[in-house]
Amino acid sequence: MTIIFMGVCGSGKSTVGKMFAETCGGVFIEGDALHPPENVAKMSAGTPLTDEDRAGWLANLNHAISEAEKLSNFVCASCSALKKSYRDCFDAVFVYLKGSRELLQSRMDARSDHFMPPTLLASQLETLEEPDPAKERVIVLDVAKSPEVLVEELGTAVSIAGEWTPPSTRMS
């Protein structure tokens, strides 16, 4: 099974994705690490990416996921996946980490260790096509909750959906 943690910048994709993968004994792929240098430079300068900019990145991530699936039955990845057309590139369950603009902005303003400046949140929110659980394989989680609670809720949701059963109860 592959789960992609999606949402705009500051939603906690990497934090929650890593925690969930570790809890479940899976592999985690950091989507941001697969951006080509040109994309990182654009974002660092406060310039939003275009669909063309994202195409190579999405291909890189899809390849990394395919390779990881050869080694593990359970793969988690982070990817903003802002548009449905981007999500359609993957055979995965998506976890949409949804939060208010105010909460996301406060998180962006507080972090200093990421190449994406807080000014890009507005463009990401404008680009975002929220996934529809009736039409897409998506679980929506409220990021106002702690990462630990989100990991627990996700484990329950995935187990109930019959997609995956945790190999153990390592949540502590």
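Read-outs: derived from the displayed coordinates by stated rules, not from any lab. Nothing here was measured: the structure is a model prediction, and the numbers come from that model. Reconstructed Cβ throughout: ideal geometry from the backbone, glycine too, with neighbour counts over all protein chains shown.
Quick look at the numbers
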item	result
Net lengthening on full extension, S146/E126 (0.36 nm per residue, minus Cα-Cα)	4.7 nm
Scattering profile of the chain at q = 0.13, 0.14, 0.15 Å⁻¹ [log10 I(q)/I(0), Debye over alpha-carbon scatterers]	-0.60, -0.71, -0.82
Exceeding the 24 Å Cα-Cα cut-off - candidates K13/K84; K13/K145; K18/K42; K42/K135; K13/K42	K18/K42; K42/K135
Helical contribution to [θ] at 222 nm, DSSP H n ≥ 4, -39,500 (n - 2.57), averaged over the chain, rounded to 500	-13500 deg cm²/dmol
Fully extended contour minus Cα-Cα distance, from N60 to T119, at 0.36 nm per residue	18.7 nm
Residue exposure sequence - H35, H63 - by fewest surrounding Cβ within 10 Å	H63, H35
